[in-house]
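Report on one structure; see the data block that follows.
No value in this document is a laboratory result; all are computed from the given coordinates. The structure displayed is predicted, hence computed values, not measured ones. Here the Cβ is made from the backbone with ideal geometry for all residues, glycine too, and neighbour counts use every protein chain on show.
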């Protein structure tokens, strides 16, 4: 089964950009890369997703490597409200890994 | 507000008992997913329904069962409860089952088994 690998934790200073990496070396050609985040005591929240091209939305940017074996979620200016656990997920045809969450990266934002 | 409603928000019950958790998906969403999150643990996928039919199953215990009704709301039934079943239970919904769709999560039901 395709899976993702993320660092357990990262720190960033407020107002600075944050680059959250994700490795998915066994990704298949039809797998979409999704990112979710979970703020303390809340349900996960959709952030962004993409297939091959880089994507931007109001929350973040997603940079996908040319070989698609890795991706990076970019928060352009971290705020204290961005402190959360960020999950990188592969979503594909195989029902055994539909929205399967790994351990994620706990982002700490320093004031 | 994600549009996904879970009730109740909190539930305290004794070991051996049976509880039902309810989820109302976003209007128009056909897929419902259930997850369990124990203290300081990740989200464990339990089961997925699409338009009333079971589509995918994760590590769901035999003591647990779920269904999706014709009005698309879903219920997760947990029976013969054990202390280890204490966790946050999340429901999510999405428009379909496509890989290009995002899921919307509810605020969860916190179950405490004493």
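Mean separation of Cα pairs under 8 Å and 6 or more residues apart, divided by the residue count, gives chain A a relative contact order of 37 percent.
Neighbouring Cβ atoms from other chains, within 10 Å of the Cβ of residues in A:68-74, number 0 on average.
Each principal axis of the Cα atoms in chain A has its own extent, and those three values, largest first, are 41, 29, 22 angstrom. Cα gyration tensor of region B:74-113, axes a ≥ b ≥ c as square roots of the eigenvalues: rounded (a/c below 1.5), prolate (a/b > b/c) or oblate? Since a/c reaches 1.5 and a/b is larger than b/c, the shape of region B:74-113 is classed as prolate. Shielding of peptide B:102-111 by partners, expressed as the average count of other chain Cβ atoms within 10 Å per residue Cβ, is 4.
In this rough spin-label picture, where each label sits 7 Å from Cα along the Cβ direction, the residue A:11-residue A:108 distance is 0.5 nm. Quick note on region B:16-68: its Rg to Rh ratio, both from C-alpha atoms and Rh being the Kirkwood radius, is 0.97. In a Gaussian network model over chain B where Cα atoms closer than 10 Å are linked, find which of B:85, B:71, B:29 has the largest mean-square fluctuation. Its mean-square fluctuation being the largest, the pick is B:71. Per residue of peptide A:36-48, the mean number of Cβ atoms on other chains within 10 Å of the residue Cβ is 5. For a test of the definition: using alpha carbon positions, the gyration tensor, and the 1.5 limit on a/c, classify the protein assembly as shown as rounded, prolate or oblate. Note, shape of the protein assembly as shown comes out prolate.
In terms of the mean number of neighbouring beta-carbon atoms within 10 Å, the peptides A:68-76, B:86-94, B:15-23 order highest first as B:86-94, A:68-76, B:15-23. Peptides A:55-66, A:37-48, ordered by how many other C-beta atoms sit within 10 Å of their residues on average, highest first, read A:37-48, A:55-66.
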